[in-house]
Amino acid sequence: MLDYRVLPAGDTALVVEFGDRIDRELNAAVLALAHGLDAAQVPGIVETVPTFRSLMVHYEPLVLSASALTARIGEQVRSLKANTTAGHLWHLPVCYDPSLAIDLDNVARRTSLSAQQIVDRHSAPTYHVYMLGFLPGQAYMGEVAAELALDRLETPRTRIPAGSLAIAAAMSCVFPLETPCGWHIIGRCPVPLWDQGRATALLAPGDKVRFVPVSIREYETLATGVSQGVLRLEPVGDAVGAAA
Amino acid sequence: MTAAALRIISPGLSTTVQDLGRSGFQRLGVAVGGALDPISLRAANALVGNPAGAGALEALYVGPSFVVDADDARLSFAGADAEIEILADTDAQRGETISSRRSIRVRRGQVVRVGSLKNGAVLYIAVEGGFAIEPTLGSVSTDSRGKIGGWQGRALVAGDVLPLRFAAATDRDEYRLDGLDLAPSFRVRAICGPQSDYFSQAEIERFFAGEYTVSAGSNRMGMRLDGGPIRHCRGFNIISDAIATGSIQVPGSGQPIVLLADHQTTGGYPKIATVISADLPAIGRLPIGAKISFAAVTLEEAAAARRRLAAELENIGDKMVRIAPPSALVAARLLECNLISGVCNAAA
């Protein structure tokens, strides 16, 4: 059985922690537990929030006690099955043109790589969506090639445009909304990861993502098509079988 | 004729539409949000006969001014003390001053002017019937960061016209609150963890023994505290995980931040303790500059406090007292009675 511990986050949430590192297997356990608890529709569970290596379970203490919930979590973990609902595989268009990739030069200097090498290395892996957080629809996708895994800027920017693609240490993120940001921006995605009108997220934890480089002209065409509602991104397949 | 509305003349410092928040979407990165002080929100709604979780205006520190664009409307105020003035129209310099924690019927063209808040940071202004705003993800709360819900996903600005569900106020008496404690709390109960293992036992004791000041950097996302810094024993970066409202995170500076309604769904700083749910409304009202300290409690004590709060909220209606009609109306009624008795006498 998987090692785990249950920590109280006040009197209305428990944290189920499977380890202390970013790891796809631990994340799979988190997602499987979330799926199991959600499917069980336990009275008193308000919502579950999966993150890299832990699941937060929000509960209503007047309906469900912390000890009863802890016991329930134990049962679920003992019978944990790999998440059977396969995620999607997405091909996300990204424009790495220096006019949008405001930190590309900076990244090139810090990594001693050319702009083209950065684009090649960043768009090579199939990324795993570990979690959504920070902003509506914002996915944490990993892992970035080791030589590109840069820390924060010394001075964070007060504002970056929606769609900005960042390297955030071992993760890549597309920021769905304009936001302050301290990470290196290396491109922009024309497809919104958060649909403001329908209040839905494009990506879900467990999905797989490949970044497909597009030119600035293609970027503009796609962005216009999306904003006019004539283009919509569909997944290209299931996450299962997508090469790591 | 236009639909009933409140037209904002001045938004105050920061006024947003808030209800009890939108839970169920944190996994998408959507904050729960909602009223900083849900007890005062419920009280404001009770005063105008709304459901407890109806959306109301939440004003911080300095309230808004607005014109009544409806035949008439019933408003209520609950939360901090405030000078509230009802003016005859937009040209009037002076009006009738009323206290907070009551309902009042206002007429078309009248201006409601809410001044600086006292003895608390938060005031709710509810309107009978509520605002005609469609919920987003089940709530009308304003998430300014995610630009979701409320009035156009942002704090109010001058010129905003907030549509009302009721064209006019119902015919009923006015009420005030009596005996409901809506004061900010300077001693707040908290449960250790979830990352108490990032702090030595001595440091945790120092945290619970310490007194902090609410700093000016505080907002609806978090209450920043100034005080003796808390040292970590194994760094201040954790692998980002989910955040519960009331979490007290300790960043590298060692100055704790209590995460409030609009906190981001995930974060990477260790959380030394978490404010219990029963004390969240009282901490939500705490103004900048106030002193605060924390008392460690067990889960059982927190559950008992939560049950007591639930019982108190259940009986919020018992705390409402009917306001005697204004003297002019009393005189009119007396006159009415005399006339009737006069007629009776004549017939006798």
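FYI, it's all coordinate maths here, none of it is from the lab. The model shown is predicted, which means the values in this text are computed figures rather than measured ones. Virtual Cβ from ideal backbone geometry, glycine too; neighbours counted across all protein chains shown.
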Review point. Mind checking which pairs have a first residue in the stretch A:186-202 that is touching a residue at least 12 places away in the same chain (Cβ under 8 Å) and a second that is of a type in the set (Phe, Trp, Tyr) and part of a loop (DSSP other than H, G, I, E, B), Cβ under 7 Å, 6 or more apart or different chains?
Key: A:186/A:96; A:187/A:96
**Study point:** Tally, over the stretch B:170-207, of residues that are over 30 Å from residue B:129 (Cα atoms), assigned to a loop (DSSP other than H, G, I, E, B) and in contact with a strand residue (DSSP E or B) (Cβ under 9 Å, 6 or more places away or on another chain)
**Key:** 6
Study note, to complete from the structure: Looking across the stretch B:18-50 at residues that are more than 14 Å from every other protein chain (Cβ to nearest Cβ) and surrounded by fewer than 23 Cβ atoms within 10 Å (Cβ to Cβ), the single one that is farthest from residue B:172 (Cα to Cα) is B:50
**Study point:** Hits in the stretch B:260-300 - residues which are within 12 Å of chain A (Cβ to nearest Cβ), closer than 19 Å to residue B:208 by Cα and part of a loop (DSSP other than H, G, I, E, B)
**Key:** B:270, B:276, B:297, B:298
Practice item. Within the stretch A:6-42, count every residue that is within 24 Å of the chain's Cα centre (by Cα), of a type outside the set (A, V, I, L, M) and either over 24 Å from residue A:65 (Cβ atoms) or at the interface with chain B (Cβ under 10 Å from one of its Cβ atoms) (or both). Key: 9
Point to revise | Members of the stretch A:208-236 found to be farther than 18 Å from residue A:122 by Cβ and in contact with a strand residue (DSSP E or B) (Cβ under 6 Å, 6 or more places away or on another chain), listed by number | key: A:222, A:235, A:236
Practice item. Tell me, yes or no, whether the stretch B:245-266 has at least one residue that is touching an Asp or Glu at 6+ places or on another chain (Cβ under 6 Å) and closer than 21 Å to residue A:8 by Cβ. Key: no
Practice item. Give the residues of the stretch B:242-266 that are surrounded by 24 or more Cβ atoms within 10 Å (Cβ to Cβ) and on the phi > 0 side of the Ramachandran plot, sorted by residue number. Key: B:246
Check your understanding: Just for the stretch B:191-208: of the residues that are of a type in the set (Gly, Ala, Ser) and touching a residue at least 12 places away in the same chain (Cβ under 8 Å), which one is farthest from residue B:121 (Cα to Cα)?
Key -> B:200
Practice item. Could you please give the count of residues in the stretch A:124-141 that are more than 8 Å from the chain's Cα centre (by Cα) and either more than 11 Å from every other protein chain (Cβ to nearest Cβ) or under 14 Å from residue A:90 (Cα atoms) (or both)? Key: 4
Exercise for review: Would you be able to tell me the number of residues in the stretch B:223-258 that are part of a strand (DSSP E or B) and within 14 Å of chain A (Cβ to nearest Cβ)?
Suggested key: 6
